[in-house]
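Single-structure report; data block below.
The values are calculated or read from the model by the stated rules, or taken from the named source; none is laboratory data. All of these numbers come straight from a predicted model, not from anything done at the bench. Here the Cβ positions follow ideal geometry from the backbone for every residue, glycine too, while neighbour counts run over all protein chains shown. Please note that ligands, DNA and RNA were not included when accessible areas were found on the heavy atoms of the full protein model with its side chains. Shrake-Rupley method; radii C 1.70, N 1.55, O 1.52, S 1.80 Å.
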Amino acid sequence: MGTRAAISRIYRGEISADIVGRPKIWYTISGLLLALSIAGLLVQGLNFGVEFKGGSVFTFKAPSASIEQVRGAVGDGGAHQVIVQKAGGDWRVTTESLSSDQVTEVKTSVAKELTVPADKVSTQVVGASWGGEIQKKAWQALLVFMILIIAYLSVAFEWRMAVAAVVALVHDLVITAGIYAWSGFEVTPATLLGFLTILGYSLYDAVVVFDMIKEVTKPLGPTSKMTYSEAANQALSSTLVRSLNTSLVAILPVGAILFIGTTLFGAGTLKDLSLALFVGMIVGTYSSICVATPLLVQFKEREPKFKQLRQNIARREQSAKRASKAKVRAGAGASAASAEGDPSDDDAGEDAEHGTPEIRSTVTVRKVVQSGSRQQPKRGSRQQRRGGR
C-alpha cells in the first residue's frame, strides 16, 4: 500500500523522484538491455523480408486450408524456402527467387491441392537489387536525420544536449532492433517507417525535458541554493507526468493493433509497423527520462561554473553544521556549569534544618550588620496612620 501511495503521489506531482541522482541504476538497466539486444542481432539475426533480400510472393484465398497444407502445396511446386503468413482472409507465401517456369509450377500445384483457380493466385517477383536500394535509402535517411537533429539541438540548446539526445536515439534503435531479432518478426519497409517514427517520438520527449531543464537552470549562479543536478531533477519531475500521459495515450492504440489486430483480425503487415512503434515508444520514453537527462547532467556538472556552485553549497552546508555543533557544545557547557554550582540535596536539607533559605550560587549574598541603637518610627493610632489628625 505504501508503494502504491508513493507512485500515486509521484504521478500527481506531489513529490519528486530522484531520477537524476541514480544514474548507475539506469545505466545498468540500459547496459543489460543493450547486451541482450546485441546478442539477439548476432545470434538470431534480423529476418529481412522479401523486399530486402528478393524473392517471389504468392497471394491467394483458401479459407479451409491450414498452414501446413499451404506450405506443402507451395513446396510441391518446387519452392524450397517457404514462409507462410495469413493476412486477413488471404494467404501470403514468400519463397526464394523463382523463374517464370517455376512460378507457373507453384501456381499449378496450389490450384490442384487447395482447389484454388490458377488465375486467382497472384504472384510478385522482387529482385534483390531493389531490396538493396531500399536499405541504402534507409541508411541515408537515418544519417541525414541524425545530422539535422544534432544541428538543431546544438543551435536551439547546446551541443551537450545534442550528444545526450543522439545517445538516447541510438539506444532506442539498438534495443528495438534486438527485440525484432528475438521475436523473429519480418523486417519490411513498414518496419523502417516505424523506426523513423520512434526516432521522432523519442526526440520530441527529450526536447520537452531539455527545454524545461534549460528554463529551470538558467537563473543558477554562485549564490544559488541548489546544484545543477537538483535543478535538473526538479525540472524532470515537473514534466514526468506529462511524458507518462503522452506515452500512455500513444501506446494504447498501437498495442491494440499489435495484440488484438494481428491475433483476431490478421492485421498483416501492420504488425511489423506496430511492433516497432510499441517497443520504440516504451524505450524512447525511458531513454529520454532515465538516459538522456542523467547523461546531460553529468556533462554539465563538469563545467567550472557548476563545479564552483557545488563547492559553494558544500562550504555553506559545512559552515552551518559547524555553527550548529558550536551552539550545542555551548549549551552543554552552560548546563554543566550550572549543575556544578547548585548545592546538593544533602546541603539543601541541612540548610532547611537550620532555617537557612536555599540560595542559588549565582546570587551574591551580603550581610548587613546594624550598629547603634535600633531606630523605629513611633506607632500612632490607626486614624493617624491613615492620615487623620
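Below 30 Å, Cα to Cα, which lysines can Lys300 reach? Residues fewer than 8 away in the same chain don't count. The reachable lysines, counting only those whose Cα sits under 30 Å from Lys300, are Lys24, Lys214, Lys218, Lys225, Lys321.
The label-point distance for Leu196 and Ile260, in a model that sets each label 7 Å from Cα toward Cβ, rounds to 2.9 nm. Accessible area per residue (1.4 Å probe, heavy atoms of protein chains only) ranks Lys300, Lys107 as Lys107, Lys300, with the largest value leading.
The Arg302 and Ala323 beta-carbon pair, evaluated with R₀ = 30 Å, returns a calculated FRET efficiency of approximately 0.45. Rolled with a 1.4 Å probe across the full set of protein chains, the surface gives Glu68 an accessible area near 130 Å². Scalar couplings 3J(HN,Hα) for region 311-323, obtained by applying the Karplus form with A = 6.51, B = -1.76, C = 1.60 to θ = phi - 60°, are 5, 4, 5, 5, 5, 5, 5, 5, 5, 4, 5, 5, 5 Hz; x denotes Gly and Pro. Residues whose amide H lies under 5 Å from that of Phe48, counting only those 5 or more places away or on a different chain, are Val187; hydrogens are built 1.01 Å from N in the peptide plane. Using every pair of separate Cα atoms, the Kirkwood estimate puts the hydrodynamic radius of region 55-126 at 11.6 angstrom. Where Lys and Arg each count +1 and Asp and Glu each count -1, what net charge lies around Val121 among other residues with Cβ under 13 Å from its Cβ? My count for the surroundings of Val121 gives +1. Taken over region 74-186, the alpha-carbon convex hull comes to 139 cubic angstrom per residue.
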